[in-house]
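Q: Sharing a structure below in structure tokens format, with a few things to ask.
The values are calculated or read from the model by the stated rules, or taken from the named source; none is laboratory data. Predicted model only: the values in this text are computed from it and were never measured. Cβ coordinates were reconstructed from backbone atoms using ideal geometry, including for glycine residues, and neighbour counts include every protein chain displayed.
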Amino acid sequence: MNEPAPNSTLDAMLAAQRIAFAPVMFQVARVMRNRGVLRSLQRAGRHGKTAADVANDTGLSTYATKTLLEASLSFGLVEHAGEGREQYRITRTGLIIENDRMTRINMDFIHDVCYEGMRFLDEAIEGGKPAGLKVFGEWPTVYEALATLPPKVRESWFAFDHLYSDSAFPVALPLVFERRPRRLLDIGGNTGRWAIQCCAHDPDVHVTVLDLPGQLEDARENVTRHGLLGRITGTPIDLLDHTQAFPTGYDALWMSQFLVCFSEADILQILRRAHAAMADDAVLWILDTFWDRQTNGVAVHCLHGSSLYFTCLANGNSRMYSAADIKRCIEEAGLVVEAERDHLGLAHTLLRCRKREAAAPGRRAG
């Protein structure tokens with residue numbers, strides 16, 4: 001039997017205290033980034049700077065800089081430089097907080113979109129409703145609210161959404177267009193970002209964006225700006241009203257970061273509606289982030305952390321799913337996954353699906 005490490009209890013206690021003080025740690029890191037403290041230390045390099053030097057650089061008081069810097073010693077953002085205790089230098093973690101684009105976007109999303117509402121997580125868990133959304137107004141889900149959220153909240157929401165999709169779209173486009181679809185249905189197309197990229201990729205494709213009216217207004221503005229009104233159209237739909245059939249006559253159907261926005265029961269109904277709208281030779285593409293398909297702990301941590309946003313603010317009943325969960329729904333809806341590819345962009349998996357009755361006998365996903 002292995003003996004526990006001597007400091008295992010103390011290490012566990014430290015980890016527990018990091019959780020207890022996590023909101024404080026988060027705000028310290030955000031202020032250090034936004035007020036130029038980390039930037040000042042980065043410029044100083046290995047030699048570091050005193051609190052007074054940082055105060056001169058940033059315009060903060062010496063008290064403010066010293067308080068932030070001392071707290072950041074425990075939070076892992078800075079360390080003492082040299083033998084004395086007056087000089088501070090930035091750590092590798094601090095450099096990532098200051099410079100890494102994904103980390104910056106994640107932090108802005110958590111602060112602007114999630115932070116205040118997360119205190120209602122227990123209410124959301126108990127009631128199955130996005131209780132935290134009340135900090136912005138009375139809405140059934142964030143998707144109805146999105147068009148009217150405060151500008152900074154919308155900016156951080158879209159930056160978060162686009163960060164991940166933008167990394168995967170360039171890889172997904174040649175795969176989707178290998179068979180030259182002429183008509184594509186973008187289900188839950190949001191601001192039209194994918195539709196616009198499709199039209200830039202293939203001059204002959206026509207795309208219909210299916211979404212709520214508020215999202216279609218945003219999409220129309222973007223489509224107009226790109227001069228693509230003749231090739232991209234919008235069809236309003238309540239995606240949670242399962243009596244509303246999807247339009248038919250499309251070579252390909254596309255769902256990007258979409259199914260994660262719904263409960264498993266709703267996902268099944270949505271996939272059944274997709275099945276009903278598909279011709280025998282049509283293909284359904286699903287692009288999403290599955291936590292069980294990641295190759296490193298950073299990606300898994302980000303997905304699990306994002307999952308509670310759906311619980312508390314987005315809709316109250318969805319989450320970041322595993323691929324196993326979604327593939328089970330696909331099968332129940334009468335579809336088969338005939339091909340799949342992991343690790344597109346930052347964290348995505350692309351699934352190519354057909355109607356079960358139209359799939360080639362014996363075809364396997366690969």
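Q: Can you list the helices (runs of 4 or more DSSP H) found entirely within segment 22-93 that contain at least 1 residues being more than 29 Å from D112 (Cβ to Cβ)?
A: 37-44, 51-58, 62-75
Q: Further, regarding this structure: Looking for whichever is modelled with pLDDT of 95 or more and surrounded by fewer than 14 Cβ atoms within 10 Å (Cβ to Cβ) here; the options are D122, D57. Which one fits?
A: On inspection, the qualifying residue turns out to be D122.
Q: For residues that are among the aliphatic types (A, V, I, L, M) and touching a strand residue (DSSP E or B) at 6+ places or on another chain (Cβ under 9 Å), scanning just segment 21-67, find the one that is nearest to D108 (Cα to Cα).
A: The qualifying residue nearest to D108 (Cα to Cα) is M32.
Q: Only one of (1) surrounded by 15 or more Cβ atoms within 10 Å (Cβ to Cβ); (2) more than 23 Å from A347 (Cα to Cα) is not met by E86, so which one is it?
A: (1)
Q: Somewhere in segment 99-113, is a residue surrounded by 14 or more Cβ atoms within 10 Å (Cβ to Cβ) and closer than 24 Å to L239 by Cα?
A: Yes, there is a match, as at least one residue in segment 99-113 is surrounded by 14 or more Cβ atoms within 10 Å (Cβ to Cβ) and closer than 24 Å to L239 by Cα.
Q: Here are the criteria: (1) assigned to a helix (DSSP H, G or I); (2) under 30 Å from A71 (Cα atoms). Tell me which single one E178 does not satisfy.
A: Only one criterion is unmet by E178, namely (2).
Q: Additional query: I'm trying to understand the selection: among the residues of segment 240-268, which are within 20 Å of the chain's Cα centre (by Cα) and hydrophobic (A, V, I, L, M, F, W, C)?
A: Selection gives W254, M255, F258, L259, V260, C261, F262, I267.
Q: Read through the list (1) buried (at least 19 other Cβ atoms within 10 Å of the Cβ); (2) acidic (D, E); (3) without any contact (Cβ under 8 Å) to a residue 60 or more places away in the chain, then give the number of the only condition that D288 fails.
A: D288 satisfies every listed condition except (3).
Q: When A168 is evaluated against the numbered criteria (1) under 20 Å from the mean Cα position of the chain (by Cα); (2) within 26 Å of R39 (Cβ to Cβ), which criterion, by number, is the only one it fails?
A: A168 satisfies all of (1) under 20 Å from the mean Cα position of the chain (by Cα); (2) within 26 Å of R39 (Cβ to Cβ) except (2).
Q: Considering only segment 287-319, how many residues are among the charged types (D, E, K, R), in contact with a Leu (Cβ under 9 Å, 6 or more places away or on another chain) and either part of a helix (DSSP H, G or I) or closer than 18 Å to L163 by Cα (or both)?
A: Adding up the residues that qualify gives 1.
Q: Sticking with this structure for a sec: K134 is checked against (1) more than 21 Å from L350 (Cβ to Cβ); (2) modelled with pLDDT under 95; (3) not aromatic (F, W, Y) and fails just one. What number does that condition carry?
A: (2)
Q: Checking the condition surrounded by 15 or more Cβ atoms within 10 Å (Cβ to Cβ) and either in the same structural domain as M320 (by TED's automatic domain parsing) or among the polar types (S, T, N, Q) (or both), which residue from L133, L149, L175, L163 passes?
A: L175
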